[in-house]
Amino acid sequence: MNTIADNLVAVRGVISEAATRAGRQEEEIELVAVSKTHPPDAVIEALEAGQFLFGESRVQEARAKIPILPGRARWHFIGHLQRNKIRQALALGFELLHGIDSLETARDLNRIADEAGMFPKLLLEVNVAGESSKFGFSPAKLRAQLEELLALERLQIEGLMTIAPFAPEAEASRPHFVALRELRDQVQTEFCLPLPRLSMGMSGDYAVAIEEGATLVRVGTAIFGTRSGKAWKPAAEGATFDD
Ligand SMILES: *Cc1c(COP(=O)(O)O)cnc(C)c1O
């Protein structure tokens with residue numbers, strides 16, 4: 001079985017090749033190693049192999065994991081942020097929140113960040129494929145609500161994020177990644193607003209995402225292996241998770 005270190009070498013190789021094919025610099029692309037459901041030991045193995053940026057998608061799991069891991073690990077929140085978990089998420093010091101998916105969440109985040117004296121960096125999640133099962137702004141809603149989002153003074157909106165519909169073929173994701181990049185380009189021009197960061201691509205399709213302009217790829221399975229499906233929790237008795 002491949003080790004996490006082997007997998008990281010392979011993933012970095014794929015990133016480098018995809019960047020070259022697209023005429024891009026490898027350094028433009030940040031690899032977010034998605035450690036959700038995996039134990040702290042797996043994160044330590046990745047740290048020892050030179051991977052410092054990690055992604056978690058549940059606040060409760062991140063609260064159990066982040067404080068017991070070395071401070072050189074950097075963390076992004078990549079999931080849907082429940083409005084009642086915003087305060088806890090901010091306290092964990094995530095460098096970037098990838099999945100801000102509604103005006104209501106953005107308003108709450110702004111208010112709580114103001115109380116906490118923080119200026120969180122975030123990406124707006126766009127449901128480019130219009131899947132009813134997914135969170136995120138529709139492209140039309142994003143345009144309609146962007147002025148209001150930009151007026152939220154505490155928020156540093158740095159770009160857009162999407163999750164492509166599940167498909168066995170990586171190529172099936174390409175039109176969705178193109179749609180996100182084109183939406184970003186249009187919104188940047190219309191609103192005179194720099195949105196340099198594009199978070200798109202997961203284990204099955206990150207090479208395609210890089211070809212289409214991703215600056216952040218969120219890769220879990222290809223680094224850490226298959227997930228059990230359950231959040232990691234410490235063995236200590238009394239630990240409870242409500243998300
Ligand atoms: C779990 C998750 C990933 C990683 O998925 P893999 O297919 O394991 O690479 C990426 N993005 C989000 C938002 C996730 O929840």
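Side notes on the structure shown:
- When every residue of the stretch 185-207 is checked against the conditions, at least one turns out to be surrounded by 14 or more Cβ atoms within 10 Å (Cβ to Cβ), free of Cβ contacts under 8 Å to residues at least 12 places away in the same chain and away from the ligand (no atom under 15 Å from the Cβ).
- Here Glu125 fulfils each of the conditions (1) touching an Asp or Glu at 6+ places or on another chain (Cβ under 6 Å); (2) of a type in the set (D, E, K, R); (3) assigned to a loop (DSSP other than H, G, I, E, B) apart from (3).
- Filtered residues of the stretch 108-140 (kept if more than 25 Å from Gly93 (Cα to Cα) and without any contact (Cβ under 8 Å) to a residue 24 or more places away in the chain): Gly130, Ser132, Ser133, Ser138, Ala140
- Answer from Asp101, Asp108 - the residue that is surrounded by 15 or more Cβ atoms within 10 Å (Cβ to Cβ), in contact with a His (Cβ under 7 Å, 6 or more places away or on another chain) and within 20 Å of Ile157 (Cβ to Cβ): Asp101
- When the stretch 216-233 is filtered for residues that are near the ligand (Cβ under 10 Å from one of its atoms) and of a type in the set (S, T, N, Q), the ones remaining, listed by number, are Thr221, Thr226.
None of the figures in this text is laboratory data; all of them are computed from the coordinates on show. Nothing here was measured: the structure is a model prediction, and the numbers come from that model. All Cβ positions, glycine included, derive from the backbone under ideal geometry; neighbour counts span all protein chains shown.
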